[in-house]
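Each remark here refers to the structure printed beneath this line.
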Amino acid sequence: MSRLLSACFTRLSRHRVFWLGMVIMFVWSALMLIAGNQYEQRILDDFFFEYAPVVGGFCAVFISLFLATDYSDGTIRNKIVVGHSRKAVYLSNMIVCLMAGIMMNAAWILAMLTIGVPLFGWFESGTIVVLGYLLITVFMIAAFVSIFTMISMLNQHKASAAVTALLTFLLILFVASYCNNRLHEPEMYSARPVFTGNVVELSEPTQNPNYVSGNMRRIYGFLVDFLPAGQGILMANMEAMHPLLMPLYSLIIVSSTTIVGVLIFQRRDLK
């Protein structure tokens, strides 16, 4: 395993998409801070986790291209021929992809700390809260990585793997966004002014037909907490209502997709 990890990290250090992702995350973070500094009453907390809903997209693109190169170059087959187990090959690739995702995340944080703190000052939410959210984010990235590693390791075609991974991310993001938006629907529409001649009166509050209640509300809430993109949305808004459950949900995704991925990969015909 150590030799596999060493070879993967060496290849990672030369991978252009990885370094491009690092640069994009840093520059995007810096530009967001500079633009946000033009408005009053903004704090560092408003920007720090803005990347969370879309970091899965970065992981999808990088992982699919990084692992697909192993197939196109014949590297995976060579690793198995020289005696490495398929399980070790799968897990080593997943570990390296996880570290790449965390490092891209670190590039964003570096810009936030070096540029954001001088512009906006320290976090108003407190260091402990921010560290807790960062821990949740790491588990969230691990869930994304496990999903896209499974997709890419089971797909030997680079273009197909990239499209499948990106579409999977967009689907997860769409479902999470839809559920989150439905949960934010108000139960009642507030009173509004009604003009009767020269007299202005307030109408009665009305029921919002789009309000979600009962079991459906609990299902939507569970999906937002469970899906990694939903966690990202909550992180961006710093609205995590179940911070202890969210890492557990991510671990369930990591363990289940990894087990399925390893089992199928062990039986897959490598061309």
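The values are calculated or read from the model by the stated rules, or taken from the named source; none is laboratory data. All figures in this text were calculated on a predicted structure; none of them were measured in a lab. Glycine gets a Cβ as well: all are built from the backbone with ideal geometry, and neighbour counts include every protein chain shown. Keep in mind that these areas ignore ligands, DNA and RNA; they rest on the heavy atoms of the full protein, side chains included. Shrake-Rupley method; radii C 1.70, N 1.55, O 1.52, S 1.80 Å.
How large, in percent, is the carbon and sulfur part of the accessible surface of segment 151-190 at a probe radius of 1.4 Å? Working shown, then result.
On the way: 1540 of 2230 Å².
C and S atoms contribute 69 percent here.
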Legend entry - Global form of segment 109-185, assessed from the alpha-carbon gyration tensor, a/c cut-off 1.5: prolate
Legend entry - Cα centroid separation, segment 90-141 to segment 1-53 (Å): 9 Å
Inset, instruction - State the answer as a single residue: which of Val27, Ala7, Met104 lies farthest towards the positive end of the charge dipole of the chain, with beta carbon charges of +1 for Lys and Arg and -1 for Asp and Glu, about the Cα centre. - result: Ala7
Inset, instruction - Might you report the magnitude of the Cβ-based charge dipole of segment 21-128 about its Cα centre, with Lys and Arg at +1 and Asp and Glu at -1, to the nearest 20 debye? - result: 680 debye
Legend entry - Accessible-area ranking of Ile172, Ile141, largest first, probe 1.4 Å: Ile172, Ile141
Inset, instruction - Can you work out the PRE-style zone for Leu113? Point 7 Å along Cα to Cβ, and I want the residues of segment 131-163 with backbone N under 19 Å. - result: 131-139, 141
Legend entry - Dipole magnitude of the chain about its Cα centre (Cβ charges: Lys, Arg +1; Asp, Glu -1), debye to nearest 20: 1680 debye
Legend entry - Glu124 accessible area, 1.4 Å probe, all protein chains in place, Å² to nearest 10: 140 Å²
Inset, instruction - Sort Phe144, Phe222 by accessible area with a 1.4 Å probe, largest first. - result: Phe222, Phe144
Inset, instruction - Hey, can you find the accessible area per residue of the chain for me, probe 1.4 Å, expressed in square angstrom? - result: 52 Å²
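Ignoring ligands, DNA and RNA, how do Tyr211, Tyr178, Tyr249 rank by accessible area with a 1.4 Å probe, largest first?
Most to least solvent-accessible, the answer reads Tyr178, Tyr211, Tyr249.
Contour minus end-to-end for Asn78 and Val129, with contour as 0.36 nm per residue of separation and end-to-end as the Cα-Cα distance? Walk me through the numbers before you get to the answer.
Details: separation 51, 0.36 × 51 = 18.36 nm, distance 4.61 nm.
Length difference between fully extended and current span is 13.7 nm.
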Legend entry - Rounded to the nearest 10 Å², the accessible area of His157 at probe 1.4 Å: 120 Å²
Inset, instruction - Just read off the accessible area of Ser13 with the full protein assembly in place, 1.4 Å probe, to the nearest 10 Å². - result: 60 Å²
Legend entry - Sum of side-chain charges, Phe123 neighbourhood, beta-carbon under 11 Å (Lys, Arg +1; Asp, Glu -1): -3
Inset, instruction - Could you list the chymotrypsin sites (Phe, Trp or Tyr not before Pro) in segment 5-99 that lie in coil according to DSSP, counting only those with at most 16 other Cβ atoms within 10 Å of their Cβ? - result: Tyr39
Legend entry - Taking the chain and dividing mean pair separation by its residue count, relative contact order in percent (alpha carbons under 8 Å, at least six apart): 29 percent
